[in-house]
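Peer 1: One structure, as structure tokens, below. Some questions next.
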Amino acid sequence: MNMLQTLASEPLDPEGNTPLYQQLKDRVLQLIATRAFDDSTPLPREQDIADALGLSRGTVRRCFQDLVDDGTIIRRRGRGTFVNFKRDAHTLDTAFNFTAEICALGKTPSSRVISLRKRAAKGGIAKRLCIPEGTEVWEIRRVRYADERPMQYVTAFVPSDICPELNKETLTASLYTIIADASGRMPARATEVYEAVSLDGAEARALELEPGCAALRVLRTTFDQHMRPFEASVIVMRGDRNRFMLTLDTAGTTFSKVTS
């Protein structure tokens, strides 16, 4: 991925209610959420970002300083500015995808593609993606692993016009990275609905459990920077290896995930 090109894929809005430095900060966070690079890859230089987006150097510097203060990025003298993936990132504001969540937990993520095909969107999938029924979508079935232990059985649906070319070989990487490369659309928001279920035969085999074992099913819809849905997924999570915690206080609600 060309980070500078992706950041500058569309102009910021100087007439909007959100300050330009905040708009840029949001875009950098969306780029980080794609998990398209690691902590050894420097972010583009402040001046290069300013030139690419037609911003003042001060605006970019204010954005980067906020990200430093948040602990999201770190400056390394003589080397550049890097994402701080090793910080405590078990919350929804940074963990948009499985790859990011598992890396934040200090584990190694991997995937196995079970099937990849095109199909017509129907019912709830079409509704969640805000597309007409019959629109062609990719159906992607994968098993997601943490340290080679199966954690999730995932079926994702993505409109085929967003990613015209997909294959099983590239799907071992983060799907969000592939989507950002193909279309410039990056994850900015995700909604999830959780429900307790029992595993059916296919789910149990994929997760190396017995049919009927307890699990969590998550219906996730992911939105881009313009709040347009671009992925709808059904995630079946092992009940014995996933725990969640909500912290409620006057400052708001914090969501944490623990994977064992």
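Peer 1: Please work out if Pro164 is in contact with a helix residue (DSSP H, G or I) (Cβ under 6 Å, 6 or more places away or on another chain) and surrounded by fewer than 15 Cβ atoms within 10 Å (Cβ to Cβ).
Peer 2: no
Peer 1: Name every residue in the stretch 138-149 that is over 19 Å from the mean Cα position of the chain (by Cα) and on the phi < 0 side of the Ramachandran plot, in order of residue number.
Peer 2: The one that is over 19 Å from the mean Cα position of the chain (by Cα) and on the phi < 0 side of the Ramachandran plot: Arg149.
Peer 1: Turning to a different aspect of this structure: For the stretch 125-145, what are the residues that are within 15 Å of Thr172 (Cβ to Cβ) and either hydroxyl-bearing (Ser, Thr, Tyr) or crowded, with 19+ Cβ neighbours inside 10 Å (or both)?
Peer 2: Across the stretch 125-145, the qualifying residues are Ile140, Arg142, Val143, Arg144, Tyr145.
Peer 1: Out of the stretch 22-63, which residues are buried (at least 19 other Cβ atoms within 10 Å of the Cβ) and in contact with an Asp or Glu (Cβ under 7 Å, 6 or more places away or on another chain)?
Peer 2: Of everything in the stretch 22-63, those that are buried (at least 19 other Cβ atoms within 10 Å of the Cβ) and in contact with an Asp or Glu (Cβ under 7 Å, 6 or more places away or on another chain) turn out to be Gln23, Lys25, Val60.
Peer 1: While we're on this one: Assess whether Val158 counts as being hydrophobic (A, V, I, L, M, F, W, C), closer than 23 Å to Leu199 by Cα, surrounded by 12 or more Cβ atoms within 10 Å (Cβ to Cβ) and touching a strand residue (DSSP E or B) at 6+ places or on another chain (Cβ under 7 Å).
Peer 2: no
Peer 1: Return the residues of the stretch 89-109 that are modelled with pLDDT under 80 and within 17 Å of Tyr145 (Cβ to Cβ); say none if nothing qualifies.
Peer 2: Ala95, Asn97, Phe98, Thr99, Ala100, Glu101, Ile102, Cys103, Ala104, Leu105, Gly106
Peer 1: Return only the number of the condition from (1) part of a loop (DSSP other than H, G, I, E, B); (2) at pLDDT 90 or above that Ser9 does not satisfy.
Peer 2: All conditions pass for Ser9, except number (2).
Peer 1: Considering every residue within the stretch 187-198, establish whether at least one is surrounded by fewer than 18 Cβ atoms within 10 Å (Cβ to Cβ) and not in a strand (DSSP E or B).
Peer 2: No - not one qualifying residue is present in the stretch 187-198.
Peer 1: Taking only the stretch 28-54 into account, find how many residues are of a type in the set (Val, Ile, Thr) and under 14 Å from Leu67 (Cα atoms).
Peer 2: Looking only at that region, the number is 2.
Peer 1: Another question about this same structure. Filter the stretch 42-80 down to the residues that are under 30 Å from Thr172 (Cα atoms), over 18 Å from the mean Cα position of the chain (by Cα) and modelled with pLDDT under 90 and list them by number.
Peer 2: Result: Gly71, single match.
The values are calculated or read from the model by the stated rules, or taken from the named source; none is laboratory data. Because the structure is predicted, anything quoted here is derived from the model rather than measured. When we count neighbours, we look across all protein chains shown, and the Cβ atoms used for this are built from the backbone with ideal geometry, even at glycine.
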